[in-house]
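Laboratory data are not the source of any read-out in this text; all were calculated from the coordinates shown. Here the structure is a predicted model, which means the values were calculated and not measured. We place every Cβ from the backbone using ideal geometry, glycine too, and count neighbours over all the protein chains shown.
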Amino acid sequence: NAGVTQTPKFRVLKTGQSMTLLCAQDMNHEYMYWYRQDPGMGLRLIHYSVGEGTTAKGEVPDGYNVSRLKKQNFLLGLESAAPSQTSVYFCASSLQEMNTEAFFGQGTRLTVV
Amino acid sequence: AQSVAQPEDQVNVAEGNPLTVKCTYSVSGNPYLFWYVQYPNRGLQFLLKYITGDNLVKGSYGFEAEFNKSQTSFHLKKPSALVSDSALYFCAVRDRATDSWGKLQFGAGTQVVVTP
């Protein structure tokens, strides 16, 4: 049981390049989340999804797009990377009951130069 | 809108002393509250949660948290801290009555440093 797996674990991008971060979960969870973690800022919610085919904006959605075509996968896209998007990105998932805890991936460290 | 505040960037405590990490929240309805811990270069790990019922919740590794509705707080506590408890701690909330169904929002985190 792998839980929540993020791909890749590390990446360096040049300004203006695009990339997609993949999150996969094997727990049949309905809810999935993308967060970014920056020093002193905690975890900020970028986008989230409450089910296959649905997505919603979080606190800091600008510059990112997401897709949830399959229940087990939640993709985070950067169309034109900027240095301000240098961060550690975490994916999480949970059951659809609001009282259940979320499970986190190990994170993706992204540097935009 | 829901929000979470962790007023302390860092908490320093000597090993064996009680540890408290503060969290306050704001929701329009009733909250579901969670505590997570993050060790260096790792993802977040779930510690405990408040759903309903008893205001004192017990969790992993000897941690507990007290829900106080009137003060809108959910402080994390441990009676006797260990050096291995040194980590980054996050409080999180879901609002039961919300138009942002399923949204899970975190605080800024509190770094706990336990000295021998």
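Subtracting the Cα-Cα distance of B:R42 and B:S26 from their residue separation scaled by 0.36 nm leaves 3.0 nm.
Put simply, the amide H of B:E8, placed in the peptide plane, has neighbours under 5 Å in B:K22, leaving out anything fewer than 5 places away on its chain. Listed by chain and number, the lysines whose alpha-carbon sits under 16 Å from that of A:K57, ignoring those within fewer than 8 places in the same chain, are B:K103.
The string of couplings for the range A:23-35 from the Karplus curve (6.51, -1.76, 1.60, θ = phi - 60°) is 10, 10, 10, 10, 9, 6, 7, 7, 8, 9, 9, 10, 10 Hz, one whole number per residue in order, with x for Gly and Pro.
Need one word for the range B:22-104: rounded, prolate or oblate. Basis is the Cα gyration tensor (sqrt eigenvalues a ≥ b ≥ c); a/c below 1.5 gives rounded, then a/b vs b/c decides. Taking the square roots of the gyration eigenvalues as a ≥ b ≥ c, the range B:22-104 is oblate.
Counting neighbouring Cβ atoms within 10 Å and putting the fewest first, the residues A:L95, B:L76, B:L47 line up as A:L95, B:L47, B:L76. For the range A:11-79 and the range B:15-75, what is the separation of their C-alpha centers, rounded to whole Å? Here the two parts' Cα centres lie 25 Å apart. Partner shielding of A:95-104 amounts to 6, given as the average count of beta-carbon atoms from other chains within 10 Å of each residue beta-carbon. Among A:T86, A:T111, sorting on how many other beta-carbon atoms sit within 10 Å of each Cβ, with the fewest leading, yields A:T111, A:T86.
Rounded to the nearest Hz, the phi-derived 3J(HN,Hα) couplings of the range B:74-79 under the Karplus curve 6.51 cos²θ - 1.76 cosθ + 1.60 (θ = phi - 60°) are 8, 7, 8, 9, 9, x, where x marks glycine and proline. Near A:G3, the amide H atoms lying under 5 Å from its own belong to A:D26; only residues 5 or more places off or on other chains count, and H is placed 1.01 Å from N.
Working from label points 7 Å from Cα in the Cα-to-Cβ sense, the A:Q17 to B:S70 distance is 5.7 nm. Can you compute the modelled spin-label distance between A:S84 and B:S84, with each label point 7 Å from Cα toward Cβ, in nm? If labels sit at A:S84 and B:S84, their model points lie 4.3 nm apart.
Shown in residue order for the range B:20-30 are the 3J(HN,Hα) couplings computed by the Karplus curve 6.51 cos²θ - 1.76 cosθ + 1.60 at θ = phi - 60°: 9, 10, 8, 8, 10, 9, 9, 9, 8, x, 9 Hz (x for Gly and Pro). For B:F67, A:F10, the sequence from fewest to most other C-beta atoms within 10 Å is A:F10, B:F67. When Rg and the Kirkwood radius Rh are both evaluated on Cα atoms of chain A, their ratio Rg/Rh stands at 0.95.
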